[in-house]
Amino acid sequence: MSQLVSGAVVACSLAFLLSGAGLSARADETCNSPFMTGLIKGQEQYLHVWTLGEKGVGDESDKLVTVDVVPGSPTYGKVINTISVGGRGEAHHMGFTDDRKYLWAGRLDDSKIFIFDVGSDPSKPKLVRIIDDLAEKSGYVGPHTFYALPGRMLVQALSNKKDHGGATGLITYNNAGEQIATTPMPLDNGGDGYGYDIAINPGQNRMLTSSFTGWTNYMMDLSQLIQDSAAMKNFGNTMVLWDLKAMKPEKVFSVPGAPLEIRWALKPGADWAVTASALTSKLWLVKQDENGQWQAKAVADIGDPSKIPLPVDISISSDASRLWVNTFMDGSTRLFDLSNPEAPKEIYSKKIGAQVNMVSQSWDGKRVYYTTSLLANWDKKGADNEQFLKGYSWDGKELKLDFAIDFTKEGLGRAHHMKFTARQQKAELR
């Protein structure tokens, strides 16, 4: 495994340059793996939404929804394709393979992974493989983050098969979907065994992982969970810094309150990363101190932490100057100025809806997309259970709504993770 990752790091330095860091001509999201090649030039054409099936809504199945996002197109802002995968297994996150031709999508409940061909015709993705033995082969459940390595897919699980608690690990697959390695999250030197997101800085040979909670908690009704004092203690409070070449944990940071999404600064030479802690509502900075030692520290509040606004997804700009932060409970998005990452400042906010979760911005920062669903049992109830995709233009001062799709009205379900594609050369599954 260490030889695999060592070779990947060498290849990744070139891949990072090819990814278009600092170039406004690229359209890809800023959260993609730096190992990816063949990225979108110019305007993204399609937005794929991994969508949770909802009882009584449409066919009730989890599905991949494709939306036309080319301004001026006759079907702009409209659903042009759907693929139902059967059942409701808590559809959650997705990730591209390094060649960007395949999109892996996971479910947190039944631990199935669906591989879609988005390279042959991104307007009409095709389901080409289902991996249904993750738990059996790895001992882990709840595939959350899908992070491309050269020829490989690194998957962060949230829980384990034995007790459905927080002790979990990483699983490495090749691009054909064959499992080739497992790596447990650390349980010593301050480690708590929890996992959530993955982010890699190839130039520093560093990988960061964050922490959330196990299957028992994330499948519980949110109101019940909040009232269960014992369950509320079962959340991760750490981030782990890894030696990427060796695939070994190097340092465990104390980051209280379930740090979720991680974003490395993409500006050349800016070797720092940020995350948001959901339960303590803070922005955290990970960087080296004056002695060259990696440290993590809280640098800003997100809203009023006493009201637990529940910050969820974040999106960093390609020049690392701004950070969008969504807060689920008040349905708002906030923009932070990161010109001084030691002291981020909120400079803009807008209420997107009754609830909001995921945010994806284009590389040039001019387009920002939002979806609503957090987890099926955590979403709001009644009239506040809004389920939508909204696309906005950002002119540097204000978000302007370009289109909105009501996923409930359209019989689609609960809108969650998003990924961009555009027309590319025909692909073949390796």
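Data for the structure
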| read-out | value |
| --- | --- |
| Any hit, region 114-129, residues being open to solvent by less than 10 Å² (accessible area, probe 1.4 Å) and in contact with a helix residue (DSSP H, G or I) (Cβ under 9 Å, 6 or more places away or on another chain) | no |
| Candidate set from region 312-339 (those that are outside any strand (DSSP E or B) and of a type outside the set (Gly, Ala, Ser)); member that is nearest to His417 (Cα to Cα) | Phe328 |
| Enumeration of residues in region 38-69 that are in a strand (DSSP E or B) and either in contact with a Lys or Arg (Cβ under 9 Å, 6 or more places away or on another chain) or farther than 15 Å from Lys126 by Cα (or both) | Lys41, Tyr46, Leu47, His48, Val49, Trp50, Thr51, Leu52, Thr66, Val67, Asp68 |
| Any chance Asp319 is open to solvent by less than 30 Å² (accessible area, probe 1.4 Å) and acidic (Asp, Glu) | no |
| Members of region 227-279 found to be among the small types (Gly, Ala, Ser), in a loop (DSSP other than H, G, I, E, B) and within 23 Å of Thr183 (Cα to Cα), listed by number | Gly236, Ala246, Ala258 |
| Cross-chain or 6+ apart pairs with Cβ under 9 Å, region 177-198 first and free of Cβ contacts under 8 Å to residues at least 24 places away in the same chain, then among the hydrophobic types (A, V, I, L, M, F, W, C) and part of a loop (DSSP other than H, G, I, E, B) | Pro184/Ala167; Leu187/Ala167 |
| Yes/no for Ser332 being surrounded by fewer than 23 Cβ atoms within 10 Å (Cβ to Cβ), without any contact (Cβ under 8 Å) to a residue 24 or more places away in the chain, of a type in the set (Ser, Thr, Tyr) and under 28 Å from Ala298 (Cβ atoms) | no |
| Any hit, region 304-312, residues being within 27 Å of Gly53 (Cβ to Cβ), open to solvent by 20 Å² or more (accessible area, probe 1.4 Å) and among the polar types (S, T, N, Q) | no |
| Residue in region 183-203 that is within 25 Å of Phe96 (Cβ to Cβ), out of contact with any Gly (no Cβ under 6 Å at 6 or more places or on another chain) and surrounded by fewer than 17 Cβ atoms within 10 Å (Cβ to Cβ) present | yes |
| Extreme residue, most open to solvent (accessible area, probe 1.4 Å), among residues of region 287-303 that are under 23 Å from the mean Cα position of the chain (by Cα) and hydrophobic (A, V, I, L, M, F, W, C) | Ala298 |
| Residue in region 289-311 that is under 27 Å from Thr66 (Cα atoms) and part of a loop (DSSP other than H, G, I, E, B) present | no |
| Residue count for region 370-394, restricted to those that are open to solvent by 60 Å² or more (accessible area, probe 1.4 Å), in contact (Cβ under 8 Å) with a residue 24 or more places away in the chain and either closer than 16 Å to Ile314 by Cα or in a loop (DSSP other than H, G, I, E, B) (or both) | 1 |
| Conditions (1) modelled with pLDDT of 95 or more; (2) open to solvent by 10 Å² or more (accessible area, probe 1.4 Å): number failed by Val325 | (2) |
| Filter result (open to solvent by 10 Å² or more (accessible area, probe 1.4 Å), outside any strand (DSSP E or B) and over 18 Å from Ile262 (Cα atoms)) within region 354-369 | Ala354, Asp364, Lys366 |
| Of residues in region 266-286 being open to solvent by 60 Å² or more (accessible area, probe 1.4 Å) and modelled with pLDDT under 95, the one nearest to Asp197 (Cα to Cα) | Lys267 |
| Qualifying residue in region 255-264 (condition: open to solvent by 30 Å² or more (accessible area, probe 1.4 Å) and within 19 Å of Met358 (Cβ to Cβ)) | no |
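The values are calculated or read from the model by the stated rules, or taken from the named source; none is laboratory data. Here the structure is a predicted model, which means the values were calculated and not measured. Counting neighbours? That spans all protein chains shown, and the Cβs are built from the backbone with ideal geometry, glycine included. Heads up: the accessible areas ignore ligands, DNA and RNA and are worked out on the full protein's heavy atoms, side chains in. Shrake-Rupley method; radii C 1.70, N 1.55, O 1.52, S 1.80 Å.
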